[in-house]
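Presented below is the structure to which this report refers.
The values are calculated or read from the model by the stated rules, or taken from the named source; none is laboratory data. Predicted model, so just to flag it, every value in this text is computed and none were measured. Here the Cβ positions follow ideal geometry from the backbone for every residue, glycine too, while neighbour counts run over all protein chains shown.
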Amino acid sequence: MSKRIFGTENEYSLVKKYPNGQFEAVRADSHLMPVMERAGSYETLRRYKVISKTNNTTEKRFWLASNGGQFYFDAVGQHSFPEYATPECDSARLAAIHDKAGERFVNEVRRVRSANISKEYGGSFLISKNTTFYGKDLEDEVGYVGVHENYMTKNLFNPHRTGTDVNQSDPSSSRFCDFFMPFLISRVVIHGGGGVRWSSDSGWHYVLSQRAFAMKREIDISASSRPLINFKQEHTPFNYSRLHLLYSDPNMSPFSSFLKLGATHLVLSAFEENPDICPPIRINNLLFYLCKFSKDTSLTATAKDDASGRKYTAIQIQKEYLNIVLRTLKNLSQEEQKIVELWAWTLEKLEENPEELYRHFDWVTKRHFLNLYLNKIKADLSSAQARTFDFLYSDISENGFYNKLRSGGFVEKFITDEEINAALFTPPPTRAFIRSRYLQKIIDKGKTEWSADWHHLNITPQFALSDPFAKENAELENFLVSL
């Protein structure tokens, strides 16, 4: 089987909490940019060796020389969100670890800003991975944040590709999209973050995924149109593209992160192995069924196969893809075998009794403890307390509800705190290792003329990082020695 590069980009919601208990969404760049620009002056941030990419404030991005990851701000309308991109990882598990490591770093930034604001008026800042925030009084929906998943795959599958193969007859791209999208919309049973949502037809109700309702297109070249499938050719080797998925909820559970990344990797691998493979189900109006599956906590909602007329639940669709993987792929690595094992196990549990996965999947965990809480205070989903709980579940601080469950042993840790902390100071064995070494040398030597991106380093001479799996570059190493 071919190797793959994985990565995630997590957006976060930043809110100001006033002494009277009210919350207000605020622009992240206004409050956190000053902290990042002076990161070297704060003892807790100095160890990450933060270095900014450009002097253009509106586009300023910050590299963590300690591990090769990146922190920046994403602006949507009047809102600005902090965002953390993991360094390139060569396994689903390593990507899940670095995803959690990003939370730790972002919380360190929040902690520095909160210490300052506490002196000003006694309030604090909260940062949450929760997909939706409900304004100052938790009544008005402010906006969506999410997570972008990245998978390196063949350029042939990209419907908007450029290059030598762009005019190839009968391209694989249309077959790929037909094959892949039913898997995506049914995967919500794995990656759903859970949430309290309002709609005119159902009032306040609980959903598997909030992010699902933000998606607008099935396929598009622009990520801003919120498509299910989006490809990027930037920062990838020749004849490869980056499959860029932005329809998923951010996960607090590393088990959910690992399984969604791992299952997606295996489905991609099956198609890479046999591009003529047929989809197990053909569905029109995919966005409708994505929302239908997301709204159905009983997991009994079905989508109709337009070819056979048979109806499938999201779990049954997932099982069809699991069977394709088992039939198609041979010589699985130890990690891939673990993915198959956990994928099959969780699908059986979801079919028998989803509540048994309250330690593993975010949407089940959040619902389980939200119900306990609402029963205790004699409230329902229409209450402000329910929406506050929803938001605070994904609070990334040590006081966040999920993190308290994790530290108390009430959820499946899956990865250790030692692995998470180590990831902040150990780049993956990919080109992130080269980037980290370059940036640390630039900082140590006090160089002012430098440049870094995902696929190149330095100004003159410039060094291309064309192979994302390579953790060594002899020419660059000679240059660094010369410094």
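How about the stretch 207-266: which of its residues are aromatic (Phe, Trp, Tyr), farther than 18 Å from residue 156 by Cβ and out of contact with any strand residue (DSSP E or B) (no Cβ under 6 Å at 6 or more places or on another chain)?
Listed by number, the residues that qualify are 213, 255, 258.
Would you mind stating whether residue 61 is crowded, with 22+ Cβ neighbours inside 10 Å and either among the charged types (D, E, K, R) or in contact with a helix residue (DSSP H, G or I) (Cβ under 8 Å, 6 or more places away or on another chain) (or both)?
No; evaluated as a whole, the condition is false for this residue.
Which of the following residues is touching a strand residue (DSSP E or B) at 6+ places or on another chain (Cβ under 6 Å) and aliphatic (A, V, I, L, M): 347, 381, 342, 332?
381
Could you check how many residues of the stretch 304-334 are under 10 Å from residue 281 (Cα atoms) and hydrophobic (A, V, I, L, M, F, W, C)?
Qualifying residue count for the region: 2.
Which ranges mark the helices (runs of 4 or more DSSP H) fully within the stretch 89-192 that have 1 or more residues being hydrophobic (A, V, I, L, M, F, W, C) and at pLDDT below 90?
Those helices (runs of 4 or more DSSP H) span 92-121.
Report, by residue number, each residue of the stretch 213-256 that is crowded, with 16+ Cβ neighbours inside 10 Å and without any contact (Cβ under 8 Å) to a residue 12 or more places away in the chain.
Scanning the stretch 213-256 gives a single hit, 220.
Among the candidates 418, 355, 348, 412, single out the residue that is modelled with pLDDT of 95 or more and within 20 Å of the chain's Cα centre (by Cα).
Criteria check complete, one pass: 412.
In this structure, is residue 405 assigned by TED's automatic domain parsing to the domain that holds residue 258 and not small (Gly, Ala, Ser)?
yes
Could you tell me which residue of the stretch 344-397 is surrounded by the most Cβ atoms within 10 Å (Cβ to Cβ), considering only residues that are among the basic types (Lys, Arg) and touching a helix residue (DSSP H, G or I) at 6+ places or on another chain (Cβ under 8 Å)?
Per the stated criteria, the residue is 366.
Go through the stretch 418-450 and report how many residues are free of Cβ contacts under 8 Å to residues at least 12 places away in the same chain and under 14 Å from residue 69 (Cβ atoms).
Count: 1.
Take residue 381 and tell me if it is assigned to a helix (DSSP H, G or I), in the same structural domain as residue 205 (by TED's automatic domain parsing) and not basic (Lys, Arg).
no
Residues that are within 30 Å of residue 396 (Cα to Cα) and not β-branched (Val, Ile, Thr), at least 1 per element: which strands (runs of 3 or more DSSP E) completely within the stretch 228-330 meet that?
240-248
Mind checking whether some residue in the stretch 306-313 is over 25 Å from the mean Cα position of the chain (by Cα), at pLDDT below 95 and either under 13 Å from residue 182 (Cα atoms) or among the hydroxyl-bearing types (Ser, Thr, Tyr) (or both)?
yes
Taking interchain pairs and intrachain pairs at least six residues apart, which have beta carbon atoms under 8 angstrom, with the first residue in the stretch 277-288 and closer than 12 Å to residue 314 by Cα and the second surrounded by fewer than 16 Cβ atoms within 10 Å (Cβ to Cβ) and hydrophobic (A, V, I, L, M, F, W, C)?
281/307
Of all residues in the stretch 1-53, count the ones that are in a strand (DSSP E or B) and either under 30 Å from residue 384 (Cα atoms) or aromatic (Phe, Trp, Tyr) (or both).
Residues meeting the conditions: 12.
Given the conditions (1) over 30 Å from residue 338 (Cβ atoms); (2) at pLDDT 95 or above; (3) not in a helix (DSSP H, G or I), report the number of the one that residue 80 does not fulfil.
(2)
Picking from 370, 322, 286, 299, which residue would you name as being more than 16 Å from residue 186 (Cβ to Cβ) and modelled with pLDDT of 95 or more?
Going through 370, 322, 286, 299 in turn, the sole match is 370.
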